[in-house]
Amino acid sequence: MSNPYEPPKAPVRDIGPPPGLPRWVRVLRGVAVTGSALLGALGPFIFILHPGPAVFVFASGLVLLSVASILALASRYADGRKTYWSAMLINGLAVLILNLAPSRGMLLFIVPALLNMTAIEVLRRARLALERLKA
């Protein structure tokens, strides 16, 4: 005769869906990707309005910043060290360069870079936590 109060011998699995990224992480990632896309589109627009070599360098930097951030936020390879560190390095350099800019209007561009750095770090930690749960 079996004991009805005895725990099952085989592990019982949850019937529900597998855990995903928390909602606030997905919202933060969406806001950062949207901000990066707008920032990347702003670079060529500024260059069209004011052509010149200095503006071209600035516009190219904005496009590079946005492409690196979007790739790190949208791809599954963001957990890799190369993608993660390249995006963090580019965003960190952007914050440093814009902080040293003589114009105070340039400080506005620091906000998307800081948001990107925060979103990339939070997303990476959430994905690593999910991997630990699955293992």
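The values are calculated or read from the model by the stated rules, or taken from the named source; none is laboratory data. What you see is a predicted model, and the numbers here were worked out from it, not measured in a lab. Every residue, glycine as well, gets a Cβ built from its backbone with ideal geometry; the counts of neighbours run over all protein chains shown.
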Test: residue in the range 98-105 that is touching a helix residue (DSSP H, G or I) at 6+ places or on another chain (Cβ under 9 Å), under 22 Å from Trp24 (Cα atoms) and surrounded by 13 or more Cβ atoms within 10 Å (Cβ to Cβ): no
Selection within the range 67-102 - in a helix (DSSP H, G or I), farther than 22 Å from Ala126 by Cβ and not β-branched (Val, Ile, Thr): Leu93, Ala94, Leu96, Leu98, Asn99
Pick from the range 114-135, criterion without any contact (Cβ under 8 Å) to a residue 24 or more places away in the chain and basic (Lys, Arg), ranking: farthest from Leu65 (Cα to Cα): Arg132
Residue check, Gly43 in contact with a helix residue (DSSP H, G or I) (Cβ under 8 Å, 6 or more places away or on another chain), at pLDDT below 80 and not aliphatic (A, V, I, L, M): no
